[in-house]
Amino acid sequence: MSPASKRTVPILSIVAAIVDEYKFLSNWLEVEFQGWTLPAIAEPHCWCGIFVTKGCLKNELHKKLGKGNLIYIKQYQNSCNRAVCKVCYLKWIARQANSATRKIENYSKKTGRKPIHLILIANPKQRDLPVKLLRQRMSHILKIAEAECAAVVFHPFRFKEEKRLFYPWPHFHLVCFGSEQKIRKSFGKYGWFVKNEGERESVFQTFCYILSHCGVKKRHQAVTWFRKSLLVKSQDEKEPKITCCPVCGADFEEIYFDGEYDPVVPPDKPYEGLVDAEGWYPVNTIPEVTKSPNFEYSPYKELDDTLKGIALAN
Ligand SMILES: [Zn+2]
Ligand SMILES: [Zn+2]
């Protein structure tokens, strides 16, 4: 497991529990504002969340290469990576949060400063403005406030506890660097309200929390950046995708386990690495039928025979 996926487990299960509860007890699925919705509202594709096991079964070759009687397997869950998907939204949150956290942490390391988590609530008179305009105003005020750089996540709704309803209340969550005082002063001048959300246990947790009920809209990024140019380009941004055997270089094929004992790798856990070769087989794809058998007339033929039989009996 990479460090990134290790730290995602507990917070993501908390997020999942919260989302499930709110979905059940509120208008989560229906609420909408200028085309923005909450995450996890759309039906998944039929393959979302399904585990696939691929690997290289060339254990003889691996033996010759000094790796022992082992095969290489890669087991993963299919994901559409859509925020709206009821199955894949958690993966989406994890990815987005990981990427944003890396950028924020790199900047923090470079400057020795700590990020702050603020909420910027739009001026009540401007709440019906197009989100694009609100965003422009917000960026403009951030410039006046001399904010250094910020991750921005738009939230279209607020939750009313007594009624258990989400209702339109546009605001922005910021994980940013800069002077809180200056930001407060500048936004106050324009009738916006600033709230300090304080620190969570980690930047990653903060992002997971913010993204769990953020605004989602097609062709719109959930996390945008103010003064992105100040951020260090992180090298580990794109994890290299392993699509062929790292031992012998052969292409992966779909495989399955049919051994005497339970497989070392449970069928519903992501895994990647070498395992004992015993009990693993390739999934044989059914050979393509060159000429499809002609079933078309058989039911009629049967019916004809039956009718004939009846006629004869009469
Ligand atoms: Zn999906
Ligand atoms: Zn191999």
Query raised in the report: Restricted to segment 196-235, and to residues that are over 11 Å from His173 (Cα atoms) and among the hydroxyl-bearing types (Ser, Thr, Tyr), which residue is modelled with the highest pLDDT?
Result: Ser212
Query raised in the report: Any idea which residue in segment 1-32 is modelled with the lowest pLDDT, counting only those that are within 23 Å of His171 (Cα to Cα) and of a type in the set (Phe, Trp, Tyr)?
Result: Tyr22
Report summary line: In the set Gly35, Gly55, Gly68, the lone residue that is surrounded by 18 or more Cβ atoms within 10 Å (Cβ to Cβ) and either over 15 Å from the mean Cα position of the chain (by Cα) or at pLDDT below 95 (or both) is Gly55
Report task. Count, please, the residues in segment 236-252 that happen to be of a type in the set (A, V, I, L, M, F, W, C) and either modelled with pLDDT under 80 or part of a helix (DSSP H, G or I) (or both). Result -> 1
Query raised in the report: Name the pairs whose Cβ atoms lie under 8 Å apart, with the first residue in segment 15-32 and farther than 16 Å from Ile93 by Cβ, the second among the β-branched types (Val, Ile, Thr) and surrounded by 15 or more Cβ atoms within 10 Å (Cβ to Cβ), and 6 or more positions between them or separate chains?
Result: Leu29/Ile41; Val31/Thr37
**Report entry** Scan of segment 61-94 for residues that are among the aromatic types (Phe, Trp, Tyr) and within 10 Å of ligand 1 (Cβ to nearest atom), ordered by number
**Finding:** Tyr89, Trp92
Requested in this report: Give the residues of segment 147-204 that are within 25 Å of the chain's Cα centre (by Cα) and without any contact (Cβ under 8 Å) to a residue 24 or more places away in the chain, sorted by residue number.
Outcome: Arg158, Glu201
Query raised in the report: Which one is farthest from ligand 2 (Cβ to nearest atom), of the residues in segment 57-91 that are without any contact (Cβ under 8 Å) to a residue 60 or more places away in the chain and assigned to a helix (DSSP H, G or I)?
Result: Lys91
Report task. Taking Phe252 as the residue in question, decide whether it is surrounded by 15 or more Cβ atoms within 10 Å (Cβ to Cβ), closer than 18 Å to Ile116 by Cβ and aromatic (Phe, Trp, Tyr). Result -> no
Report task. Scan segment 208-219 and give yes if some residue there is loosely packed, with under 12 Cβ neighbours inside 10 Å and within 27 Å of Lys132 (Cβ to Cβ), otherwise no. Result -> yes
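The values are calculated or read from the model by the stated rules, or taken from the named source; none is laboratory data. None of these values were measured; they are calculated from a predicted model. Every residue, glycine as well, gets a Cβ built from its backbone with ideal geometry; the counts of neighbours run over all protein chains shown.
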